[in-house]
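Please treat every number below as a calculation from the coordinates, not as lab data. As the structure is a prediction and not an experimental result, all values here were calculated from the model. Cβ atoms come from the backbone with ideal geometry, glycine included; neighbour counts cover every protein chain shown.
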There are 2 protein chains.
Amino acid sequence: MAYHRNRKHVDGDGWASCAASGLRLAGRLWIECDGQTLLSWKRIDLLECVRDSGSISLAARSMGIAYRHAWELLEDMNQHSRQPLVERVVGGKGGGGTRLTAAGHEAIRRFHAVVQQFNVFLEAECSEFLDLFGKRPEV
Amino acid sequence: MAYHRNRKHVDGDGWASCAASGLRLAGRLWIECDGQTLLSWKRIDLLECVRDSGSISLAARSMGIAYRHAWELLEDMNQHSRQPLVERVVGGKGGGGTRLTAAGHEAIRRFHAVVQQFNVFLEAECSEFLDLFGKRPEV
DNA sequence: CTGCGCTATTCCCTAGCGGGAATAACGGAC
DNA sequence: GTCCGTTATTCCCGCTAGGGAATAGCGCAG
């Protein structure tokens, strides 16, 4: 299996959280602009990979996804965002490359902040189901 | 297009929320037990349809999904839940039927409560992105 | 001018999800 | 007994997301 970035998220593109009993309240967040998906966990992951590697191809490889797919995601983000999140250069030094705009960096920061709050939420709400599905059934 | 139940959720199986500018913070919740999906929006919807119709086949029809799929979902829920959520009868009056157990009813109630809180969360957090993606770009 | 590594773009192919149809078994109503 | 509508189960099929490979174009380094 190809190398995937080491991240704290769980399977798929969601977050999970719970205390015990094999019980888990999981969730997923994304941001839409005019009905089009703008940001998601996967997309933020991609932005970070691009930021760290400086190119779409390297980012795609490190995420274990196809370049084509990564390119489509970035293209889609730039298209539907009010201001572009990445800036791409074709040809030149090193063949070109891709870097984040200020908005791209800010998007990552904001999204992470919301995710952190989301995890707090999940942790808190999960307990609502403990007595129903946890170790000791009550209902 | 087949008839679908009138519900307040958005496309797919998530919830959405935001104030303005075509910007929307959307999300999705589900509950896992030992790594297996136990409840989700779609599954709660199915439970409610079963509760209201008294049969899997009618519930499937009203949701616009295949009976086979509905059956699989319910089977999966019963398998992975500590206590069964539905009780099924083969043959007999009216050919049989399916009804919710007490745990099934409680699952619906709890899930809706969490969803309500989730919507509050989404509404609040969405504002974090308004100045980044909203009407007046600032970054 | 040549080479290189990247962006950009196309085509094919696969796996999985889920619809749709067909069938059997069941058991009360009649 | 027959009829009926349900649960239960199987097989086939189409759609879509996404991987993989191949190719062209670009522009600086050398």
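When B:Asp131, A:Asp52 are ordered from fewest to most other Cβ atoms inside 10 Å of their Cβ, what list results?
Exposure proxy ranking, most exposed first: A:Asp52, B:Asp131.
If neighbour count is taken as other Cβ atoms inside 10 Å, put A:Val114, B:Val115, B:Val89, A:Val90 in order from fewest to most.
A:Val90, B:Val89, B:Val115, A:Val114
What do the square roots of 5 times the Cα gyration tensor eigenvalues come to for the range B:34-133, in whole Å, largest first, as semi-axes of the equivalent ellipsoid?
Listed largest to smallest, the semi-axes of the range B:34-133 are 32, 15, 12 Å.
Compute the label-point distances linking A:Val120 to its equivalents in the other copies; points lie 7 Å from Cα along Cα→Cβ; give nm, one decimal, shortest first.
Here the equivalent label points are 1.4 nm apart from this one.
Please list, by residue number, every one of the GluC sites (Glu not before Pro) in the range A:59-139 that is coil in DSSP and has at most 15 other beta-carbon atoms within 10 Å.
Passing both the DSSP loop test and the Cβ count: A:Glu138.
In whole Hz, with x marking every Gly and Pro, tabulate ³J(HN,Hα) for the range A:58-65 from phi via Karplus 6.51 cos²θ - 1.76 cosθ + 1.60, θ = phi - 60°.
5, 4, 4, 4, 5, 8, x, 10
Each residue of the range A:28-42 in turn: what ³J(HN,Hα) in whole Hz from Karplus with 6.51, -1.76, 1.60 and θ = phi - 60°, glycine and Pro shown as x?
8, 10, 7, 10, 10, 10, 6, x, 9, 4, 10, 10, 8, 4, 4
A:Arg88 label points, 7 Å along Cα→Cβ, one per copy: pairwise distances from this copy to the rest in nm, shortest first?
Computed spacing set for this position: 4.9 nm.
What distance in nm separates the simple spin-label points at B:Trp71 and B:Val120, each placed 7 Å from Cα in the Cβ direction?
Here the answer is 4.2 nm between the modelled labels.
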